[in-house]
Amino acid sequence: MKRCPECRRDYYDETLLYCLDDGNALLEGPRSESGAVAVATGFLPSDDEPATAIFHSTDAVGEAPTRAQIHTTEQTAVLRGGAEAEPRESVGELSEKQSFSANRAAKPLIAAMVVVTVLVGGFFAYRYVDAPGGGAINSIAVLPFENRSGNADSEYLSDGLAESLIYRLSQLPDLKVSPTSSVFRYKGKETDPEVIAKELGVDSVLTGRITQRGESLTISVELVDARTNMLIWGEKYERNLSELLATQRQMATEISQNLKLKLSGNEKGLTKPYTNSNEAYQLYLKGRFHFSKRNKDDVLKAIEYFQQAVNLDPNFALAYARIAEVYNQMPAYPYLSPHEAFPKAKAAANRALEIDPTLSEAHTALANTLAVYDWNWPESEREFKRGIELDPNNAEAHFRYGQFLSPMGRHEESIREMQRALELEPLDLVMLALLSQEYHFSGQTDKALEQARKTIELEPNFILGIHVLGQALARNEMYEEVIDLSEKTLSKNPNNQFSLKIAGYAYAKLGRRSDAERMIAKFRELAKTEYIQPYDLATIYVALGDKDKAFAELEKSAENRDWMFSQMKEDPFLVPLRLDPRYKDLLKRMNLPE
């Protein structure tokens with residue numbers, strides 16, 4: 001059925017385009033909200049066409065609207081002079097006031113105007129839907145929100161809100177979402193959506209601004225089709241800080257709706273109530289903000305915030321999973337001993353799974369502990385596969401599974417999983433660095449060095465990147481360069497254990513025994529105040545040719561369950577030990593094949 005928007009006469013002949021009484025373009029069905037748009041533009045929005053930029057009210061119940069509710073870009077506004085459209089109610093009123101029935105004597109002219117309007121509207125519709133790069137939107141980049149609060153303490157909100165939207169939208173299987181590692185390099189920079197979209201290979205870009213004034217929060221967002229530079233949707237949310245959690249869920253849902261995604265029941269991840277406590281959610285965001293920095297003080301703060309979050313909401317499974325993730329990583333740096341960290345990681349992961357058995361992050365964290373600390377390789381692999389099954393886009397799951405495969409000697413699979421992780425998180429520095437380490441373990445020395453240099457090019461001061469570059473240089477027998485690199489790092493941080501290890505190894509290989517022993521002495525001194533990995537000392541002793549001392553340190557490493565000890569079987573620095581029966585005994589205790 002079609003209806004005339006002016007005289008409201010109904011027509012059941014679907015081939016008719018115009019009212020036989022007054023010449024108005026007919027609308028489909030009873031007049032709806034979209035009818036006003038049809039009158040103004042001369043065409044009906046199709047199901048496949050992204051909506052024009054409709055800013056609708058998001059004021060809390062009882063609040064009076066305080067702003068215009070419809071905006072359009074210059075390309076979408078088919079109004080006189082390309083002027084900005086009026087609010088929705090005004091458009092409808094304008095259409096009625098300027099209806100053709102106001103001057104029935106001018107029907108021939110009116111009919112011509114209708115035709116022109118339809119043609120113009122149809123041209124813009126055609127241009128939008130069928131223009132090169134147009135059509136369905138299948139990918140999006142959510143850029144870091146701009147913090148306009150003038151307060152660094154609000155930075156966790158602007159970063160956390162963007163990360164949370166990325167996390168939720170990534171649950172949709174038919175939508176490619178640029179990962180956090182890719183979009184956060186634009187933080188604090190002038191952003192041109194069209195340029196960024198080309199760089200990231202996406203169709204649409206979401207930008208946002210956040211302002212906090214006490215307990216008041218203003219969040220403005222704009223979703224742009226970067227192929228046509230057209231504004232699809234925009235919104236301004238006036239909320240209290242206590243409504244942040246609900247607002248974040250609402251935003252994710254509205255973004256997907258305005259992208260016109262066919263969700264087919266897969267929208268659960270958009271609105272999944274990970275917590276119903278707004279305060280716990282804010283603490284969670286603070287934890288994520290600090291963990292991303294990876295230095296010891298911030299990592300400890302991250303645990304503190306995550307723990308506060310689960311204290312407020314004991315059923316906050318995702319926060320428990322993040323606690324497990326942090327504790328799993330601490331022995332690698334090393335910020336905490338394995339015996340202190342891993343049992344806490346395992347307990348947190350198990351608690352998360354008790355609450356939510358479908359949480360991929362929890363399965364991944366548990367798998368990591370089972371491999372590195374428990375040496376329970378079969379159970380660990382089952383957990384990794386379950387985590388990937390639950391969320392195939394979980395880059396951390398693919399990456400840690402790749403690390404798991406390395407001690408098995410399954411290097412091709414390992415590299416494939418790590419590369420898959422980097423497809424999902426192409427600029428994650430940790431993943432980029434440790435892919436170099438996997439090339440190192442698999443004997444691909446040239447690729448290890450190339451990958452390490454790429455990582456350092458992205459971030460010259462990234463400490464893990466410096467470490468794997470040192471490893472790769474040493475594996476290529478470029479010992480003078482190793483020493484130069486390490487001494488520069490140690491001049492800034494004399495206690496950096498990564499650099500002490502690789503410098504000691506290089507000194508030993510060059511026959512500079514006293515310098516190598518100086519590095520060992522530095523480790524011994526550090527051990528009085530912080531955790532050191534005996535595995536690092538064993539590596540230096542191997543280079544010095546002191547096998548007995550190397551095995552003594554490896555025994556300690558096995559007892560401690562050092563992070564690196566699980567990689568012993570494939571570590572090329574330990575090749576001189578492989579024929580010794582003590583080496584085979586260590587592998588047997590670790591449940592690894594010889």
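Points to keep in mind about this one:
- Accessible surface area normalised per residue over the range 505-594 is 45 Å², counting heavy atoms of protein chains with a 1.4 Å rolling probe.
- Overall form of the range 177-250 per C-alpha gyration tensor (a/c, 1.5; a/b vs b/c): prolate
- Descending semi-axes in Å of the range 466-510, equivalent ellipsoid built from Cα gyration tensor: 16, 10, 8
- Peptide ranges 517-523, 332-338 listed from the most packed, as the mean C-beta count within 10 angstrom indicates: 332-338, 517-523
- Glu555 exposes around 80 Å² of accessible area when a 1.4 Å probe is run over every protein chain in place.
- At a probe radius of 1.4 angstrom, the accessible area of the range 271-354 per residue rounds to 39 square angstrom.
- Cα shape, the range 337-490, gyration tensor, a/c 1.5 rule: prolate
- For the range 406-486, the alpha carbon positions stretch 34, 25, 17 Å along the principal axes, listed from largest to smallest.
- Relative contact order (%) - criterion: Cα under 8 Å, at least six apart; region: the range 370-522: 12 percent
- Taken about its Cα centre, the range 441-552 carries a charge dipole of roughly 240 debye when the Cβ of each Lys and Arg holds +1 and the Cβ of each Asp and Glu holds -1.
- Accessible-area composition of the range 384-503, carbon plus sulfur, in percent [1.4 Å probe]: 47 percent
- Portion, in percent, of the accessible area of the range 185-260 that falls on carbon or sulfur, probe 1.4 Å: 43 percent
The values are calculated or read from the model by the stated rules, or taken from the named source; none is laboratory data. Nothing here was measured: the structure is a model prediction, and the numbers come from that model. Please note: Cβ atoms are built from the backbone with ideal geometry, for glycine as well, and neighbour counts cover all protein chains shown. Side chains are part of the model used for accessible areas, which takes the heavy atoms of the whole protein and leaves out ligands, DNA and RNA. Shrake-Rupley method; radii C 1.70, N 1.55, O 1.52, S 1.80 Å.
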